[in-house]
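Novice: I'd like to ask you about the structure that follows.
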Amino acid sequence: MPNTFSISGLANVLYIDLSNETSKVVERQDLHDKYLGGTGVATMLMNEGSKEGTDALDPVSPVVLSIGPLSGIFPCCTKVVSVFRSPLTGEFGESHAGGRLAMAMRFAGYSSIVITGRAKRPVYISIHNNDIAFKDASSIWGLSSTTDIGKILRNVEPNIGKRSIIRIGTAGENGVRYASVNVDTYRHFGRLGLGAVFGAKNLKAIVVSGDGEIEIPDKSTYSNTYKKIFSNIVETDLMDKYHDLGTTENILPLNELNGLPTRNLQQTSFEYAETISGENFADNYLVRKISCAHCPIGCIHIAMLKTLFAPLHEYEVKHISYDYELVYALGTNLGILTPESVLELIDRCEQYGVDIISMGGVLAWATEMSMHKRFTTGETMNVSLKWGDVTNYLRAIDLIIESPNEFYSALAKGVVFASRKYGGDDFALHAGGLEIPGYHTGVGNLVGLTVGVRHSHVDNGGYSIDQKAFKNNLSDKEIVDLLIFEDDIRGVLNSLTICLFARGIYTYDTIIEALAAIGIERSEEELIELGRDIFMKKYELKRKFGFDLDDVRFPSRFFETASTNGMIDEARVQNVLSMYKDRRWSTGKT
Amino acid sequence: MRIKVANQARCIGCYSCMMACARTYYSTISLKNSAIDIQTSGGIESAYVSVVCHACIDPPCSRACPTGALVKRNGGGVELKTDLCTGCEQCADACLVGAIHMDGNAKAIVCRHCGICTSFCPHEVLEMRKVPSADTTHAETSHKEVK
């Protein structure tokens, strides 16, 4: 790689050992020169730290949190990448969160935090600049609300308004394999079970703040570049979608296009889509929009749930963040008819700290099983799931988190585990062991989820490629090319921890200019190569953890329900998958 | 001209104002060297607070300063004579709204009412207001970055 950072202190890795309650800082210029930061550096740190013959919940398994060189310096570089071994899939785990953590890590002076070991009793880690403390968290272990964890820690930790508080709920403590880590109340390391890894480490929370200063090589170049990027964000319509209706804008179009999974993907449009549309949420429930630290978009949509709990107008009011994926997972996919019920289900999962997409996937599969009488009432403890039945869904969520018997313990291990034990694997909807996000758009989505490094819709946006294919009739080769292009550019964006919502702002040209403003010279070719290299490094880790693309089997439901692009032919999916593998690994250069 | 927190309820907590203030007057990037301070009042679940100099006509901070480093500014508020500031923080203690804190060099950070923060606020939370005794050309010229 051509040059090193001219800014000092942007390559510090904080290593924390929970078993011995020790920490050290190592400047890893080597990794940052090559991989910049974020997903690239985190993947390499994971590779260094993971030990043969251990599993996801083993104390030695590391958790890596990484930001990028632009974090805290340019707007919308707000994400933190977490890399870990997933207790849900057993293989590569990666999840991204916004909130204030990136800003807090930057000004505390750490580009990455690597956590290993297991604390002797529940602890939280308090990180304020160079001051690292391990504090007893016994009194907040078992507390039923992740919101309250934040309230308690806020009162005992310094630096109001500039800190980040990340924490697990009882789902993580109890080892629910798809438990999340809640970041600053409304954001999450949602997918793939980081919360269970925290729980296995006896790690309840981390508080981070810092008041450092970053030296820059040329202030006027920096200020001009900043102004240009900022204006592009706030003065053009590029980001309108995100601060207008937010991601729930997708409900009606995907419903119209038959791409919205409904009732465990038995349908791809929902009769009540209007009722739970982004438009209805915004007009009648939205009370506030807020942003991640150092992003002027304000995409975090907060709804008010007002519930009458007694006569004489006695109301309780909750503020709950909502997004497209949540409205799909706990809405359309469970046949839920009203925004109030969707919000109630979201809030229940939020308080337990559990991934909502996976929870929705598990409940949807269990509903179908339940309606086919595949469970005994003893197993379900008399909770009989039916589409749209909120009361029983709330009860089932409680029981999954509590896991009082073998049945609910199985559900807490995800849809793959549960369907192996109880059957129904034809409609246990997952890709790579991860419950599917809210798209059934066609072959691009299905192959994209399968090959994606974390089996997430944001790996390569296959759902979006399908929508292009719907309009422009793309060939399979073009679909494969687009998937690879997106895999690679997103590897670059995620190394810079730029929010993917701002991918329209941070084109290769803008990325090159932003990096140059802080003294990092990269060409477009080098960045593309970096994206590919990171993808390959992740696949090496995936293979090491036991993933093999040749072993992939698709639940038949994918091929029985019409998608945006009509019925999906399994043979075609296999063919596109082969083309992808050939282009990636046989013929070399893409 | 002076800055005014006009529409606090529209604040989304993006910190763009703080980043702008700090980079305008310091050679580094930071939050801590910003004169305007965005805080929470009970976590992100609650409303944001913008703490900024109220441009007092008779500023208590100036009266509290033992070295005469804080000089009354035309239009309200104060100007800092940096070399006179000893970092004693008596000004910060005297400011009821909490609008003064120390920078990385232990010198007081005081708002210049230049308006750079307002130009980076995406939601018009902050705006510039004319004040009776102000030199009206001041704000326009001082939008330019100061070395």
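Novice: With a 10 Å Cβ neighbour count serving as the proxy for reagent exposure, in which order, fewest first, do A:Ser111, B:Ser41 appear? Spell out each step's value before the answer.
Specialist: Details: A:Ser111 28, B:Ser41 11.
Lowest count first: B:Ser41, A:Ser111.
Novice: I've got another one for you. Given N residues in region A:12-209, what is Rg(Cα) / (2.2 N^0.38 Å)? Present the calculation step by step, with values, prior to reporting the outcome.
Specialist: Working: Rg = 15.0 Å, N = 198, 2.2 N^0.38 = 16.4 Å.
Cα Rg divided by the expected 2.2 N^0.38 Å: 0.91.
Novice: Looking at region A:513-551, which trypsin sites (Lys or Arg not before Pro) are in a loop (DSSP not H, G, I, E or B) and have at most 11 other Cβ atoms within 10 Å?
Specialist: Working: sites: A:Arg522, A:Arg532, A:Lys537, A:Lys538, A:Lys542, A:Arg543, A:Lys544; in loops: A:Arg522.
Of the trypsin sites (Lys or Arg not before Pro), not one in the loops of region A:513-551 has a Cβ with at most 11 other Cβ atoms within 10 Å.
Novice: Put a dot 7 Å past each Cα toward the Cβ at A:Ser144 and A:Lys120; how far apart are the dots in nm?
Specialist: Each label point lies 7 Å from its Cα, and together they span 3.2 nm.
Novice: Let me ask another. For a footprinting-style exposure proxy, rank A:His128, A:His313, A:His430 by other Cβ within 10 Å, fewest first. Please list the in-between numbers first.
Specialist: Values: A:His128 18, A:His313 6, A:His430 23.
Ranked by crowding around the Cβ, least crowded first: A:His313, A:His128, A:His430.
Novice: Another question about this same structure. Tell me, which longest segment in chain A has none of the GluC sites (Glu not before Pro) that fall in DSSP loops with at most 14 further Cβ atoms within 10 Å? Working shown, then result.
Specialist: On the way: sites that count: A:Glu52, A:Glu271, A:Glu274, A:Glu521, A:Glu560.
Counting only loop sites that pass the neighbour cut-off, the longest clear stretch is A:275-520.
Novice: Whole-Å semi-axes of the protein assembly as shown's equivalent ellipsoid, largest first, each the root of 5 times a Cα gyration tensor eigenvalue?
Specialist: On the way: eigenvalues 383, 161, 130 Å².
For the protein assembly as shown, the semi-axes come out at 44, 28, 26 Å.
Novice: For Cα pairs less than 8 Å apart in space and 6+ apart in sequence, what is the mean separation divided by the residue count of chain A, i.e. the relative contact order in percent?
Specialist: Numbers: 1285 pairs, mean separation 93.4, N = 590.
Rounded, it is 16 percent for chain A.
Novice: For chain A, what does -39500 (n - 2.57) per DSSP helix run (n ≥ 4), summed and divided by total residues, give at 222 nm, in deg cm²/dmol to the nearest 500? Could the numbers behind the result be given before it?
Specialist: Details: 24 runs with 237 residues, N = 590.
Estimated from H runs of four or more residues: -11500 deg cm²/dmol.
Novice: Simple spin-label model, 7 Å along Cα-to-Cβ: B:Ala94 to A:Thr22 in nm?
Specialist: Output for this residue pair reads 5.1 nm.
Novice: By counting other Cβ atoms within 10 Å of each Cβ, how are A:Cys299, B:Cys117 ranked from fewest to most? The partial results should precede the final answer.
Specialist: Numbers: A:Cys299 23, B:Cys117 27.
Going from least to most buried by this count: A:Cys299, B:Cys117.
Novice: From Cα pairs below 8 angstrom and at least 6 apart in sequence, can you work out the relative contact order of region A:12-209, rounded to a whole percent? Spell out each step's value before the answer.
Specialist: On the way: 500 pairs, mean separation 45.0, N = 198.
Once divided by the residue count of region A:12-209, the mean separation gives 23 percent.
Novice: Assigning unit charges at the beta carbon (Lys, Arg +1; Asp, Glu -1) and nothing else, what dipole magnitude in debye, to the nearest 20, does chain A show about its Cα centre? Don't jump to the answer; show the numbers that get you there.
Specialist: Numbers: 59 positive and 73 negative charges, 226 e Å.
Once rounded to the nearest 20, the dipole reads 1080 debye.
Novice: Say each of A:Gln574 and A:Lys306 gets a label point 7 Å from the Cα, pointing the same way as Cα to Cβ; how far apart are those two points in nm?
Specialist: Result for the modelled spin labels: 5.7 nm.
Novice: Along the charge dipole of chain B, Cβ charges K/R +1 and D/E -1, which of B:Ile44, B:Val97, B:His54 sits furthest on the positive end?
Specialist: With unit charges placed on the Cβ atoms, the residue in question is B:His54.
Novice: What is the local net charge at A:Ala102, summed over the other residues whose Cβ is closer than 12 Å to its Cβ (Lys, Arg +1; Asp, Glu -1)?
Specialist: Working: positive: A:Lys79, A:Arg100, A:Arg106, A:Arg187; negative: A:Asp184.
It works out to a net charge of +3.
Novice: Quick one: what do you get for region A:434-586 if you divide its Cα Rg by 2.2 N^0.38 Å? Walk me through the intermediate numbers first.
Specialist: On the way: Rg = 16.2 Å, N = 153, 2.2 N^0.38 = 14.9 Å.
The reported ratio for this selection is 1.09.
Novice: Count the DSSP beta bridges whose two residues both fall in region A:12-209, then state the antiparallel fraction as a percent rounded to the nearest 5.
Specialist: Numbers: 34 of 45 bridges.
Expressed as a percentage, antiparallel bridges in region A:12-209 total about 75.
Novice: Using all C-alpha to C-alpha distances in region A:347-496, build P(r) with 5 Å bins and read off the rounded percent in each one.
Specialist: Using 5 Å bins, I get a P(r) of 2, 9, 17, 18, 15, 12, 11, 8, 6, 2, 0 for region A:347-496.
Novice: Counting other Cβ atoms within 10 Å of each Cβ, which chymotrypsin sites (Phe, Trp or Tyr not before Pro) in region A:290-349 have at most 10 and sit in a DSSP loop?
Specialist: Numbers: sites: A:Phe309, A:Tyr315, A:Tyr322, A:Tyr324, A:Tyr328; in loops: none.
Answer in residue order: no site qualifies.
Novice: Once you have all Cα-Cα distances for region A:39-95, histogram them in 5 Å bins from zero and send the whole-percent values.
Specialist: Computed distribution, short to long bins: 4, 21, 27, 20, 12, 8, 6, 2, 0.
Novice: When Lys and Arg each count +1 and Asp and Glu each count -1, what net charge do the other residues less than 15 Å away from A:Asn155, Cβ to Cβ, add up to? Walk me through the numbers on the way to the answer.
Specialist: Working: positive: A:Lys135, A:Lys151, A:Arg154, A:Arg163, A:Arg167; negative: A:Asp148, A:Glu157, B:Glu45.
Surrounding charge for A:Asn155 is +2.
Novice: Summing Lys, Arg as +1 and Asp, Glu as -1, what charge do residues with Cβ under 14 Å from the Cβ of A:Gly246 carry, A:Gly246 excluded? Display every interim value, and only then the final one.
Specialist: Numbers: positive: A:Arg187, A:Lys241, A:Arg288, A:Lys289; negative: A:Asp240, A:Asp244, A:Glu249, A:Glu279, A:Asp283, A:Asp323, A:Glu325.
Summing Lys and Arg as +1 and Asp and Glu as -1 gives -3.
Novice: Go through A:Gly72, A:Gly169, A:Asn460 and say which Cα lies farthest out towards the positive end of the charge dipole of chain A; charges sit on Cβ, +1 for Lys and Arg, -1 for Asp and Glu.
Specialist: A:Gly169
Novice: Right, another one. How much length is gained on full extension from B:Leu84 to B:Arg129, taking 0.36 nm per residue of separation minus their Cα-Cα distance?
Specialist: On the way: separation 45, 0.36 × 45 = 16.20 nm, distance 2.97 nm.
Gain on extension, B:Leu84 to B:Arg129, equals 13.2 nm.
Novice: Let me ask another. Report the calculated FRET efficiency for A:Val317 and B:Ser27 (r = Cβ-Cβ distance, R0 = 41 Å), to the nearest 0.05.
Specialist: Working: r = 47 Å, r/R0 = 1.14.
Between A:Val317 and B:Ser27 the formula returns 0.30.
Novice: Right, another one. Using only Cα atoms, locate the centre of region A:267-290 and the centre of region A:399-435, then give the distance between them in Å, rounded to an integer.
Specialist: If we compute the Cα centre of each part, the gap is 29 Å.
Novice: Another question about this same structure. Among A:Val317, A:Val552, A:Asn565, whose Cα projects farthest towards the positive end of the dipole of the protein assembly as shown, with charges put on the beta-carbon of Lys, Arg (+1) and Asp, Glu (-1)?
Specialist: A:Val317
Laboratory data are not the source of any read-out in this text; all were calculated from the coordinates shown. Small disclaimer: the values here were computed from a predicted structure and weren't measured. FYI the Cβ positions are ideal-geometry reconstructions off the backbone, even for glycines, and counts take in every protein chain you see.
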